1. Within region A:128-144, how many residues are part of a helix (DSSP H, G or I) and not basic (Lys, Arg)?
2. Take the residues of region A:20-36 that are part of a helix (DSSP H, G or I) and modelled with pLDDT of 95 or more: which is farthest from the other protein chains (Cβ to nearest Cβ)?
3. Listed residues B:176, B:127, B:155, B:148; which is over 30 Å from residue B:27 (Cα atoms) and either free of Cβ contacts under 8 Å to residues at least 40 places away in the same chain or in a helix (DSSP H, G or I) (or both)?
4. Would you pick out the residues in region B:235-247 that are assigned to a loop (DSSP other than H, G, I, E, B) and either modelled with pLDDT under 95 or within 12 Å of another protein chain (Cβ to nearest Cβ) (or both)?
5. On the given criteria, is residue B:351 within 9 Å of another protein chain (Cβ to nearest Cβ) and either of a type in the set (A, V, I, L, M, F, W, C) or more than 19 Å from residue A:28 (Cα to Cα) (or both)?
6. Residues being crowded, with 19+ Cβ neighbours inside 10 Å and either in the same structural domain as residue B:211 (by TED's automatic domain parsing) or within 25 Å of the chain's Cα centre (by Cα) (or both): count how many of those fall in region B:64-77.
7. When you go through A:92, A:63 one by one, which is the residue that is at the interface with chain B (Cβ under 7 Å from one of its Cβ atoms) and at pLDDT 95 or above?
Amino acid sequence: MFARDAAIAAALVILAAFDGAAAQTANQPPDTMSARVEACTPCHGNKGEGTSDVYFPRLAGKPSGYLYNQLLAFRSGRRKYPPMNYLLEFLPDPYLEAMAEYFAGEHPPLPQPAPSEVSKDVMAQGELLVTGGDAGRNIPACVSCHGPGLTGMQPGIPGLLGLRAAYISAQLGAWRYGTRTAKSPDCMQVVAGHLTEADVTAVAAWLAARPATDNPAPVPKGTYALPFGCGSQPN
Amino acid sequence: MVSKLSITLLAVAALTTTARAQDKTSDVIARGEYLARAGDCTACHTAPEGRLFAGGRAMPTPFGTIYTSNITPDPEAGIGKWTADDFYRTMHSGRFPDGGLIYPAMPFASYTKVTRADSDAIFAYLRSIAPVNQKNKPHELRFPYDNRQLILGWRTLFFSEGEFKPDPSKSAEWNRGAYLVEGLGHCGMCHSPINALGGTSQSDAFKGGLIPMQNWYAPSLTSNREAGLGDWSIKDITDLLQTGVSARGVVYGPMAEVVHNSLQYLNDADTKAMAVYLKGIAEGSSPPPASTVLPNTESSLLISLGKTVYDKNCASCHGTQGEGRPPHWPPLANNQSIEMQSAVNPIRMVLNGGYPPGTEGNPMPYGMPPFAGLLSDNEVAAVVSYIRTAWGNRGSPVSAREANELRSAPLN
């Protein structure tokens, strides 16, 4: 008898506790990262898959170290895009890290590439530069750092799949003109400095035409050796 | 034997005294650091990715660009050769140690209220940080504003020198709050109307104004129809100041910077004192303004489009009745910053979204999405008109032109 009463009392106490917890959180936003990064979604998509705007990049599945570096660069104004600079200005490092990890951990399917408007010759030049580079002009192959599958490497080298030609070409242009910079040694600035405008168009077109793969995850750190020093991927 | 003992005792006494003196110095430095936070010195004197207090931050003003100065203890580039007297005079009188006039972008009209003891503590703290040999960049001011003698005229009109005088009819807490708000906090630099000469008249103190160059509206701290806090509880005020979010509203834009750099570091007693003072200076509840009459069909069409836009894009967070889920998703009903006469801030929030500052009390704030790319000028005007007039809100509708103009407002 006593035991049964005690059990009922205990159950009631537990129920009451549940009720209390529910009352506390009922009127609060979900305590999740996806609710916290809703400010990112009009431009980058709900899971970081990108949107119809070709200048806004996919974030999902990129290495978290790369995403974190970009968030830091936008917050300090080193990477200039006022809407991003404004949003991040007063957010602390650990929160930016959590945001980077959130989008790195999302894996919505890659989009099928849009049909390209460039000629076969241009496409062939793009493929040549991406896969083999041009030693005579000191241009390394993109794949030598971004990986044979172009999926990037943990923690700091981004994959190049699922991006639109307009975005890639705008970024390569920004590296060439020095308006986008990264930690020294700033390898991308050196590489992009050796590209002509025609190279940029070709590389962007060929990269944007890569078919979606099933496993776009970046390879683990140290899977291959980089051809030169990179401030974003310290050894 | 006796003499040996006394020598030992003396030595112990000497050690203790030194230790006490060091304690005292480190206490003063710690207090100075706290006060430098209260004065938000870093907001201007540290450049993005720059060294602490080495200056060089560009401050756009309607008169040209001013570059902030190096206040590290470097003897050549900084203030390493200054004395505590020099520092006090600069804070108190707005003049360099050589008598030169300081541009009033430096809020000496507020800092003049700082006590000598507090000024000395800030100076002791600044002496204790790492010196940085980074030369000051010359200002880029347009003619005729590059002539510092013009500052004399500004000073005559807008500067009255003198330390804070407590009001004996008020509590110690109220006076502490007043000292912080009017002095180091230099709240009046933004929350007062700025006239064409870049000055604020005393009688307009804390009456609100559009911040030049930034195009954010700093609401009145005295009118309860703006950011006057007369109807707020002390807890809501201290929450807002310390964490950036509260049951009544959330800080964004320039005020997010102030909470981020400065207010979140103030202790509970000082925060409460500021809250008591701010609540105290709010004018008695003003009579409700004439409720908005929607003059014509155009207005009602706007509001009905606004409701459609709202239900589709906003209601999931802010609620169908504008109730929000405070503190993280702010309520829009009975929210002064939505209703107040200037619609600049609500329009900007719809266009640009924003994050409240990440603070110790709210380290992972929820953000408002930017809608600039998703809504047309008409839709922005409609939804802002709707939230300003729905649920008993007493704001006025805004036009598509107003929305359009703010698309080009600077973001940082």
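1. Going residue by residue through region A:128-144, those that are part of a helix (DSSP H, G or I) are A:128-132, A:135-137, A:143-144.
After this cut, where a residue has to be not basic (Lys, Arg) as well, the list is A:128-132, A:135-136, A:143-144.
Selection size over region A:128-144: 9.
2. A:34
3. Result: B:155 is the single residue among B:176, B:127, B:155, B:148 that is over 30 Å from residue B:27 (Cα atoms) and either free of Cβ contacts under 8 Å to residues at least 40 places away in the same chain or in a helix (DSSP H, G or I) (or both).
4. First pass over region B:235-247, keeping only residues assigned to a loop (DSSP other than H, G, I, E, B): B:244, B:246-247.
Of everything in region B:235-247, those that are assigned to a loop (DSSP other than H, G, I, E, B) and either modelled with pLDDT under 95 or within 12 Å of another protein chain (Cβ to nearest Cβ) (or both) turn out to be B:244, B:247.
5. no
6. 6
7. Values: A:63 fails: at the interface with chain B (Cβ under 7 Å from one of its Cβ atoms).
Answer to the check: A:92.
Rundown of residues vs (1) within 24 Å of residue B:373 (Cβ to Cβ); (2) within 16 Å of the chain's Cα centre (by Cα); (3) in a helix (DSSP H, G or I), yes/no style:
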position	(1), (2), (3)
A:46	yes, yes, no
A:50	yes, yes, no
A:79	yes, yes, no
A:99	yes, yes, yes
A:102	yes, yes, yes
A:115	no, no, no
A:126	no, no, yes
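The values are calculated or read from the model by the stated rules, or taken from the named source; none is laboratory data. Fair warning: this is a prediction, and the values are worked out from it, not measured in the lab. Cβ atoms come from the backbone with ideal geometry, glycine included; neighbour counts cover every protein chain shown.
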